Amino acid sequence: MKLYRDLTIRQKKIVWAWGFLAIPVLFYCVVRFYPTGNAILISFQDWNLLGARTWTGLDNYKKLFGDPVFWKVFKNTFVYLLLGTPVSLVISFVIAYHLDKIRFMHGFLRMLYFLPFMTSAVAMAWVWRWFYQPVPIGLFNNFLASIGIPQISFLNSTSNALPSILAPAVWAGLGFQIIIFMAGLRAIPKSYYEAARIDGVSTWTVLWEITLPLLKPTIVFIVVFSSIGFLRIFDHVYNMTTQNPGGPLNATKPLVLMIYQTAFSSFDMGYAAAQTVVLFLVLLAVSLLQLRIMRDR
Amino acid sequence: MKINGLRALALASATSVAALAGSAANAVEIEYWQYFFDARVAAMEQLIENFQAANPDITVTMTHFPYADYRTKVAAAIPAGEGPDVVQLFYGWLNDYVQAELIQPLPADVFPAATIDEEFFPMVQAMKEGDQYWALPTAVRSLALFYNERLMEEAGVEPPTTLDELLAAAAAMTKRDGAGNITQVGMTAGMTAQDHHWWREGLVRQMGGEPYTDDYQTVNYNTDAGLKALEFYTDMFMGENPVTAVGFMDEPQAAFKAGLAGMHIDGSFRIGSLADIRGLKWGVTELPATADGVRSNYSSYWVNAITTKAEGEKYDAAVKFMDYVSSDEAMQIWLDVVGELPAKPSVGMTEENANDPVFGPFIRGLEYAHTTKFADESGQRQLMVEMVERMQLEGMSAADSIAIAAEAEQKLLDEYYGE
């Protein structure tokens, strides 16, 4: 107690600041940094959760880079990212742009778009999974069959399955992105638009020269946010392909699902940890890249 | 003073606990773990009650977890010394537990290997190493052919006894719409369900092959027999007149439950969930034989084992308990309550059980059943799934696809057995 009393006000402030900070710091050390460090450690070991851990050096990484399934999965992960992010960005911007202009039933429409975001991903994935089934139970294929068009294999196809799974995932994320875009649109000062109107500029020029440049922070935020989301996609894929997770022929398997399977169905913890480390590095690289772009602003 | 008060309280409660323990004289408490499944828990409660009545000095506490967490929880608890004295494990996990020294062999005086070899169905010998058994099942499971009685009657066919009859019956029960889309399958198909077992231990052996050699450490289905088995299987949905479709109604058992599948191969554990389906009239028959009458089946089971945690008097109690849950009486209770098949012919092959219209076909199947020793069951199943997918989705030939599957599975086995 005496020790504290002798401190200057400035020092006391520091003690208090650290006092409060200590809780999240401790929390982070226990639930973030310690497991992260441990995962990196396990990635150099062989462990089936039961027996002793044995050191294997770089074996897990060697196995990983020589594993064709890993490269397939790596590619899938980036297809989810490179297809999902731009598509959801464009759709959500178009919707937000037009929604911002209308007043009639504005709140109701906004609610409709936001609703999927609040729905559980698992429930949504299962409903879409049934939509995609062949006749006699699939909604889409029943419709196609009724008007005499051949059935489409949505999920049981190496080429259609990934876009079929991505579609509900994009749809689910739209609501959030629309809300952020609308907030961004509202934040642009009206005076710019008034000045443009006085000068008689076309709508396209207004969009290209005023709206989009001023939305850049919003766009960067959404890109970062949805990229991380698509890189970590799991629930939609797992629930739409439970009997054959990530199938057919690994056509839909993202990295996170591969990690899950390696760890909790093959019980190969070391190999799963090595995959986790790779995912961590990918996420780190993508995030750093995007932070750089943000700083350039 | 306050601290002293607390200390006194702690001391008092500690002594009273000690007194309580002392008053029960030499009561031993052992812990039993299994996964949660209503009927299994009910059956085990009944067994524990009977056992405690016969052994008043032993108390058995049962703990159960949802199946999804079971394997990880057991794996985390036993090494930490927190786990059970007697534990229920899937037979396929046993190897890992033996290697990690988490379970101990059953004592040879109470469980002599020669007697067990003689008394139990032969596939139980997968639990034996040298002349010691590591674990024993109370009940076993096998495959059989479920059929929809109403659809059979409608198509005017009888439950098949051979593979040719199977195809004919399936063809008779398949329905299509105007565009040729299948709206009712004669037979379900899907390697993701039980078909990979039927293919491995059933069809491959029936075609004259042996799926694995060297105690399931060497893949041996990339042969003429394997190829014939694969072609038989894929012809059902890729042939000229398909009688089934993979992924029809999402999963095989759903199609059968919905009454849109004529026949369906599944395990004895499906009986319970089919019993409650309203409007579904079904029957069971043995897996179809070849024209020469060759039959083969797959069997799996859960075993009970004594963990290394059990020592001294707890060990003795655990041995007594193991002895009881492996007894004829326990097996009959398990059959009556859970519907799983007895592990001994002396119980299973009784007049009443073997001729039971529902259990009978499964029990008779046990006599010619084989148990695959899996290194990673879901991983090995996945390879079977992909073997068919390569043919169906990428147009690969059966011979090429089976070669890829065999090579991949051999690699998986080699890694597991550390070669």
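The values are calculated or read from the model by the stated rules, or taken from the named source; none is laboratory data. Quantities reported herein were computed from a predicted structural model and do not represent experimental measurements. Methodologically, a virtual Cβ is constructed for each residue, glycine included, from the backbone with ideal geometry; neighbour enumeration extends over all protein chains shown. Surface areas here come from the heavy atoms of the whole protein model, side chains and all, with no ligands, DNA or RNA. Shrake-Rupley method; radii C 1.70, N 1.55, O 1.52, S 1.80 Å.
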Helical segments meeting 18 Å axial Cα length and Kyte-Doolittle 0.5 threshold in chain B (DSSP H):
B:2-23
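For chain B, give the share of DSSP beta bridges that are antiparallel, in percent and rounded to the nearest 5; count only bridges with both residues there.
On the way: 29 of 44 bridges.
Antiparallel bridges: around 65 percent, rounded to the nearest 5.
Out of all Cα-Cα pairs in the protein assembly as shown, roughly what percent, to the nearest whole number, are more than 33 Å apart?
Values: 157082 of 255970 pairs.
Percent of Cα pairs beyond 33 Å in the protein assembly as shown: 61.
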Short version: which residues of the range B:51-91 lose at least 30 Å² of accessible area, all chains versus chain alone, 1.4 Å probe?
B:Arg71, B:Thr72, B:Ala75
Taking the Cα centroid of the range B:229-289 and of the range B:383-419, what is the distance between the two, rounded to the nearest whole Å?
24 Å
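Could you report the buried accessible area between A and B, both sides summed, computed with a 1.4 Å probe and given in Å² to the nearest 100? Walk me through the intermediate numbers first.
Details: alone 18070 and 18800 Å², together 34490 Å².
In total, this chain pair buries about 2400 Å².
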Compute, for A:Phe44, the solvent-accessible surface of its heavy atoms (probe 1.4 Å) with the complete set of protein chains present, and express it in square angstrom to the nearest 10.
60 Å²
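Return the FRET efficiency for the residue pair A:Tyr4, A:Tyr34: r is the Cβ-Cβ distance, R0 is 45 Å, and the value is rounded to the nearest 0.05. List each step's numbers first, then the result.
Working: r = 30 Å, r/R0 = 0.67.
Approximately 0.90, to the nearest 0.05.
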Please work out the average accessible area per residue across the range A:67-295, using the 1.4 Å probe convention, and give it in Å².
49 Å²
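Where the accessible area of the protein assembly as shown is counted over protein heavy atoms with a 1.4 Å probe, how much of it, in %, is carbon and sulfur? It would help to have the intermediate numbers written out before the result.
Numbers: 21070 of 34490 Å².
On the protein assembly as shown, the fraction of accessible area on carbon and sulfur atoms equals 61 percent.
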What distance in nm separates the simple spin-label points at B:Arg278 and B:Asp177, each placed 7 Å from Cα in the Cβ direction?
2.7 nm
Based on DSSP, what percent of beta bridges with both residues in the protein assembly as shown are antiparallel, to the nearest 5?
65 percent
Cβ-Cβ cut-off under 13 Å around A:Phe44, Lys and Arg +1, Asp and Glu -1: the net charge is +1
In a GNM of chain B with a 10 Å cut-off on Cα contacts, which of B:Val60, B:Val98, B:Val74 has the highest mean-square fluctuation?
B:Val98
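Per residue, how much accessible surface does the range A:2-42 expose to a 1.4 Å probe? Answer in Å², no decimals. Mind showing how you got there, number by number?
On the way: 3750 Å² over 41 residues.
Ligands and nucleic acids excluded, the figure is 91 Å² per residue.
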Protein-protein interface of the range B:207-250, residues with accessible area decrease of at least 30 Å², isolated chain reference, 1.4 Å probe:
B:Met249, B:Asp250
Between B:Phe65, B:Phe248, B:Phe269, find the one with the highest GNM mean-square fluctuation for chain B; connect C-alpha pairs within less than 10 Å.
B:Phe65
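Provide the FRET efficiency to the nearest 0.05 for the A:Ser191-B:Glu394 pair, computing r from the beta carbons and using R0 = 51 Å. Please report the intermediate quantities before stating the final value.
On the way: r = 60 Å, r/R0 = 1.18.
After rounding to 0.05, the efficiency reads 0.25.
Considering only protein heavy atoms, with the full assembly of protein chains and a 1.4 angstrom probe, order A:Arg295, B:Arg205, A:Arg32, B:Arg295 by accessible area, largest first. Walk me through the numbers before you get to the answer.
Working: A:Arg295 185, B:Arg205 45, A:Arg32 130, B:Arg295 80 Å².
Largest accessible area first, the list is A:Arg295, A:Arg32, B:Arg295, B:Arg205.
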Residues of the range B:175-189 that bury at least 50 Å² of accessible area, probe 1.4 Å, when all protein chains are present rather than the chain alone, are B:Asn181
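Based on the Kirkwood radius over alpha-carbon pairs, what value in µm²/s does the Stokes-Einstein equation return for the translational diffusion coefficient of chain B at 20 °C and 1.002 mPa s?
Numbers: Rh = 23.5 Å.
So the translational diffusion coefficient is about 91 µm²/s.
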Using only protein heavy atoms and a 1.4 Å probe, report how much of A:Leu58 is accessible, in Å² to the nearest 10.
100 Å²
What accessible area, in Å² to the nearest ten, does a 1.4 Å probe give for B:Glu311?
130 Å²
Residue-normalised accessible area of chain B, expressed per residue, 1.4 Å probe, Å²:
42 Å²
Going through the cross-link list B:Lys257/B:Lys281; B:Lys228/B:Lys373; A:Lys62/B:Lys411; A:Lys72/A:Lys253, which pairs have a Cα-Cα distance over 18 Å in this structure?
B:Lys228/B:Lys373
